[in-house]
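Computed from the coordinates by the stated procedures, all read-outs in this text should not be read as laboratory data. Treat the numbers as computed from the prediction; the structure is a model and nothing was measured. All Cβ positions, even for glycine, are placed from backbone atoms using ideal geometry, and neighbour counts span all protein chains on display.
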Amino acid sequence: MATGEVRQSVTETATAIADMEIRGAAAIAEATATALREQAVQSEAADADRLRAELRAAARHLYDTRPTAVSLPNTLRYVLGRASGEDVDAVRESVVAAVAEFCDRLDRAQTDLGTIGASRLQDGDTVLMHCHSTDALACLEAALDQGKDIAAIVKETRPRRQGVLTAHHLDDLGVDVRFVVDSAAHRMLAEADHVLVGADTITATGTVINKIGTAGLAVSARERDVPVTVAAQTLKLDPETLSGGGVDIEHRADAEVLDAEARTDLDVDIVNPAFDETPPRYVDAIVTERGQFPPESIVTLMRDLYGSEPGRPWEE
Ligand code: RUB
């Protein structure tokens, strides 16, 4: 179909995701669902099949933005799988209802996961955090709501410094925060009781894909005997890995690592992978809204929720 039939609200959302104005797996999911709803509401399609074709085209456009966070394809699966009805109005209404239900589930999942994750934190604990994860922050926030006194050490998270967002969030909550450069992580683990991070994707083997630096942090934490908790709603489980598929690790622009001035007269290859893979043996628990799991057992939950043949309705 002509790209013109993908509504501007979809292309704007796709650009905002690609440019990381909208970022973090949960925020990407919500924005994706909302963009599909706008496509349905604003569409001038004459019949139900045409509207479904437009929704698939919009979904392909969104899918092509960032390759690593599985919340994006899982959102597309959820909404497209419910775009049903005989006539165009019925399809439109089913999409609007599906998106409302999806966003509601997203909010509830984060709240429920937060309560479960908080049970791992004790009064007086210090938590070391990497990047900016709303799922991880939900655990810490729930612990504070339970009256626990929690302090935080926050890693800067080069190159884009999402740790600054986490520091602001925790500072606003009145948490005692120490902000450190990434290379201070091993040393600072001596003063931490927990590592608490989010995830972009979790594979069937329990491997955690999260912001670059997570894997090194988890290995250091094991060396220091500090438990590693990954907070990740079930939307982060990647059903395509059930059949052995891998996950694409996004590489981003050189300019994120060194600006133009620093690159002048420098003839080197800059490599900028945005995510890395933490093997399950370095993770103590994956906290979801359905409970907390040893990473090796997450495959059972994945199968229950997604079945073993997830499909790609946007490619049909
Ligand atoms: C963000 C990141 C976050 C996860 C989880 O990377 O790695 O830890 O997305 O976030 P980026 P949330 O900044 O490149 O998107 O818990 O909010 O879903």
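For the chain, what does the relative contact order come out to in percent, with C-alpha contacts under 8 Å and a separation of six or more?
Values: 599 pairs, mean separation 58.2, N = 316.
Across the chain, relative contact order equals 18 percent.
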Quick one: helix 88-118 against the long Cα principal axis of the chain, what's the angle to the nearest 10°, folded into 0 to 90? 10
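In percent, what relative contact order does segment 8-112 have, based on Cα pairs under 8 Å that are 6 or more apart in sequence? Don't skip to the end; give the middle numbers.
Numbers: 118 pairs, mean separation 33.7, N = 105.
It rounds to 32 percent for segment 8-112.
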Which angle between 0 and 90 degrees, to the nearest 10, do you get for helix 71-80 versus the longest principal axis of the chain when only C-alpha atoms count? 30
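With n ≥ 4 as the cut-off for DSSP H runs, can you work out [θ] at 222 nm for the chain, using -39500 (n - 2.57) per run divided by the number of residues, rounded to the nearest 500? All intermediate terms of the calculation are to be shown ahead of the outcome.
Values: 11 runs with 135 residues, N = 316.
Dividing the helical sum by the residues of the chain leaves -13500 deg cm²/dmol.
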Residue-wise, which Karplus ³J(HN,Hα) couplings in Hz belong to segment 266-273, taking 6.51 cos²θ - 1.76 cosθ + 1.60, θ = phi - 60°, and x for glycine or proline? 10, 9, 10, 8, 9, 10, 9, x
Extending each Cα 7 Å along its Cβ direction at Leu305 and Val164, get the distance between those two points in nm, one decimal. 3.2
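Using mean Cβ contacts within 10 Å as the protection proxy, how do 278-289, 258-269 order, highest first? Write down the numbers at each step before the final one.
Values: 278-289: 21.3, 258-269: 8.6.
Final packing ranking: 278-289, 258-269.
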Relative contact order of segment 120-306, pairs being alpha-carbon contacts under 8 Å that are 6 or more residues apart, as %: 22
Roughly how many nanometres apart are two label points built 7 Å out from the Cα toward the Cβ at Asp248 and Asp104? 3.4
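Residues with beta-carbon under 11 Å from that of Arg66, excluding Arg66: net charge, scoring Lys, Arg +1 and Asp, Glu -1?
Numbers: positive: Arg23, Arg252; negative: Asp19, Asp64, Asp200, Asp248, Glu250.
Net of charged neighbours comes to -3.
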Give me the dipole magnitude in Debye, nearest 20, for the chain about the Cα centre, with unit charges on the beta carbon: positive for Lys and Arg, negative for Asp and Glu. 500
Other-chain or far-sequence residues with amide H under 5 Å of Glu250's (modelled H): Thr68, Ala274, Phe275
Nonlocal amide H pairs with Asn210, under 5 Å, H built at 1.01 Å: Asp200, Asp276, Thr278
³J(HN,Hα) across segment 43-54 via Karplus (A = 6.51, B = -1.76, C = 1.60, θ = phi - 60°), whole Hz, x for Gly/Pro? 4, 10, 4, 7, 9, 4, 5, 5, 5, 5, 5, 5
Label Gln8 and Val219 with points 7 Å out from Cα along Cα→Cβ: what is the distance between them in nm? 4.9
Rounding to the nearest 10 and keeping the result within 0 to 90°, find how far the Cα-based axis of helix 134-145 lies from the longest principal axis of the chain. 60
